[in-house]
1. Being in contact with a Lys or Arg (Cβ under 6 Å, 6 or more places away or on another chain) and at positive phi is the filter here, so list the residues in the stretch 545-562 that pass it.
2. When the stretch 134-157 is examined, which residues are found to be touching a residue at least 12 places away in the same chain (Cβ under 8 Å) and part of a loop (DSSP other than H, G, I, E, B)?
3. Any residue at all in the stretch 101-116 that is more than 29 Å from Ile67 (Cα to Cα), assigned to a loop (DSSP other than H, G, I, E, B) and either assigned by TED's automatic domain parsing to the domain that holds Glu17 or not basic (Lys, Arg) (or both)?
4. Could you look through the stretch 576-586, keep only residues that are in a helix (DSSP H, G or I) and free of Cβ contacts under 8 Å to residues at least 12 places away in the same chain, and pick out the one that is farthest from the chain's Cα centre (by Cα)?
5. Report, by residue number, each residue of the stretch 525-553 that is surrounded by 15 or more Cβ atoms within 10 Å (Cβ to Cβ) and over 34 Å from the mean Cα position of the chain (by Cα).
6. Looking at Ser418, Ser449, Ser458, Ser427, which is the one that is surrounded by 22 or more Cβ atoms within 10 Å (Cβ to Cβ) and either in the same structural domain as Ala477 (by TED's automatic domain parsing) or modelled with pLDDT under 95 (or both)?
7. Considering only the stretch 558-575, state which residues are polar (S, T, N, Q) and more than 26 Å from the chain's Cα centre (by Cα).
8. So which of Gly45, Gly35 ends up being surrounded by 19 or more Cβ atoms within 10 Å (Cβ to Cβ), modelled with pLDDT under 95 and not polar (S, T, N, Q)?
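The values are calculated or read from the model by the stated rules, or taken from the named source; none is laboratory data. As the structure is a computational prediction, the values presented were derived from the model and not from experiment. Cβ: placed from backbone, ideal geometry, glycine included. Neighbour counts: every protein chain shown.
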Amino acid sequence: MKLIKTKLRNFRCYQRETEFIIDDLTAIIGKNDIGKSAILEAIDGFFNDTVDQSDLSNTADSNAIEITCYFEGIPDEIVLDTSEPSSPISEGILNPEGQLQIKKVFTFGAKKTTAVFLIANHLSDERLKILLSKKNTSLKQYAKDLGVDLSDVNQKKNSHIREAIRRHIGGDIAVQELKVDGNVDNEDNLKAVWSSLKKLLPVFSLFKTDKAFDDKDSDIKDPLQSAINEALGLPEIQDLLSEIENKVREFSTDIADRTIEKLKNFDETISERLKSDFTKNPNYSKIFDLTLLNENNIPLNKRGSGIRRLVVLSFFQAQAEKRKADKNAPSIIYAIEEPETSQHPNHQKMIIDALSELSRQPNVQVLFTTHSANLVREIPIHSLRYVSPDDDGIIQIEYGEDLESEENNDEVISKIVSALGILPNPSERIKVLVYVEGNHDVNALKRYSKIINDNDASLLNLMTSHEVGYVITGGSALKHYIEQRHLDGLGKPEVHIYDNDVADYRAAVQRINNLTNPNKIAFNTKKLELESYLHPEAIREAYSECGTEGVSLQEIEDNTDVPHEVARLLNSLNDNNWGELDSDKQKELASNKKKFLNVQAVEKMTVERIKERGGYEEICHWLTEITRLSTK
């Protein structure tokens, strides 16, 4: 499941109910002590019960903190209280938008109490509101009292009985709060329902910047502990742990029951007041421990802070790679406070690349707070969140992209740019700007230029040239927005090279060339896209070198979608049915092949292969213009 939104009330600076929308990758920006970390810690409080009385807002309108989380991606069938799966919609546990909406209320009096509610679209008839509360025996009796015919119903399955009762009574549906935990009687079946739902929730791991680094609380322990927690969330491990719990419950309950029987020999009244109840679930995350030692057996919590945080970075990179191959990994949310802390600017770039890659893996979300312009420049605009007070001092959340129109929110972006001081800063040595659609195009152009430069030294080798800067126009990262706005004022010559498969780029090329500005020239590729210039043998050799044989395209034509064809071929080599995949999945797999094709495969190209594919003169024309403008 995926967390898409949270609402906070009375949590620290968020006294009024405040909504926060969450993406796969979410960057939270704002001044110090404004409420950025409070968002992460509130979500941590929801998942890991870390809320205490000090979190209650100084201006709270009650003695209760409310944290509500909204989840999408709920399975069509889930097991609530017996082994039989049922529909969460028919069971009435989803909100009107089909989301799992869970509200936790933390109340502070003589002691802290926690109540959990499902905000759900539930049948409004009073007789149906208690269905989920009843266990099997009382549920069958309740059906009988209501006159429900259960003759054709499997009466061992609670979901079947509930469905029969709903059909019998019917009625309207209304949004209701169903209390599933907190002062709920142990005999109430809603506790079993909540226990089942909790297993579906993502694992949430929060990495703080201001941790105390001592022997008992090490910075490195958190990511390694999250690895343990993630392992414990795997379905196969959950099954094994459930089997262990059942065996322990069966054995210990038998002893408890026999003990009670023996008590009758001493005092009947005592035994009548006792009953065996195995209610406390074991916390396996506290049983397992994991650490890292260097060659001298020195633990990492004894090393410098920079080293410790680099290990955290390495953890994220390792997780991103692992999740590419792991289709059964449980959902997990990583929340990181200021990941740039104590890191060299070069490492900051590595950090954001690792976090971005991790967020693109299935069932992974990444949230982080930051003050780093280096990190934020690389973030897609739709992932940006700006936290600031309004004119009345009320903390508000603003979004880089308008939530309704999905257009860039210029006013908010300007605030972020101003707050972080993000400005384009091309070096004075840059003589010409090359505009392309994406990073993959840069990779390909540089490598083609090296191949051609080896044959004709008069043309620039872009692999080694420091006179050419690149502007990525196809992305929606903040740096692209800023560069597009400000680079015109630099007065640098421009060469635009765009694929031929997008109508907007064909129109853009026409507009630029219509200016008849000698310092601005634009090209559309004559073939579909840059991957279409590849030779089949270059692709085959590149994959063969990596240990994958059989990636042989019979022919590449000018309009061949090469990434799509390579993805299809690899899919069939792995005995998967390409035709059964939906178009979005096919596009995703094709997109994942672009980096390989534009790096490893292009490196297998030669002048002869470029000529054989009919691209030599065209690419030379691009390089000629880049070379000409770089000498002006």
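1. none
2. Those that are touching a residue at least 12 places away in the same chain (Cβ under 8 Å) and part of a loop (DSSP other than H, G, I, E, B): Lys134, Lys135, Leu146, Gly147, Val148, Asp149, Leu150, Asn154, Gln155, Lys156, Lys157.
3. Step one: of the stretch 101-116, the residues more than 29 Å from Ile67 (Cα to Cα) are none.
Looking through the stretch 101-116, none of the residues is more than 29 Å from Ile67 (Cα to Cα), assigned to a loop (DSSP other than H, G, I, E, B) and either assigned by TED's automatic domain parsing to the domain that holds Glu17 or not basic (Lys, Arg) (or both).
4. Initial filter on the stretch 576-586 (in a helix (DSSP H, G or I)): 578-580, 583-586.
Of the ones still in play, those that are also free of Cβ contacts under 8 Å to residues at least 12 places away in the same chain are 578-580, 583-585.
Numbers: Trp578: 26, Gly579: 27, Glu580: 25, Ser583: 21, Asp584: 17, Lys585: 17 Å.
Across the stretch 576-586, the extreme among qualifying residues is Gly579.
5. Thr525, Lys527, Tyr533, His535, Pro536, Glu537, Ala538, Glu541, Leu553
6. Details: Ser418 fails: surrounded by 22 or more Cβ atoms within 10 Å (Cβ to Cβ); Ser458 fails: surrounded by 22 or more Cβ atoms within 10 Å (Cβ to Cβ); Ser427 fails: surrounded by 22 or more Cβ atoms within 10 Å (Cβ to Cβ).
Criteria check complete, one pass: Ser449.
7. Filtering the stretch 558-575 down to residues polar (S, T, N, Q) leaves 559-560, 571-572, 574.
Passing the criteria: Asn559, Thr560, Ser572, Asn574.
8. Working: Gly45 fails: modelled with pLDDT under 95.
Exactly one of Gly45, Gly35 is surrounded by 19 or more Cβ atoms within 10 Å (Cβ to Cβ), modelled with pLDDT under 95 and not polar (S, T, N, Q), namely Gly35.
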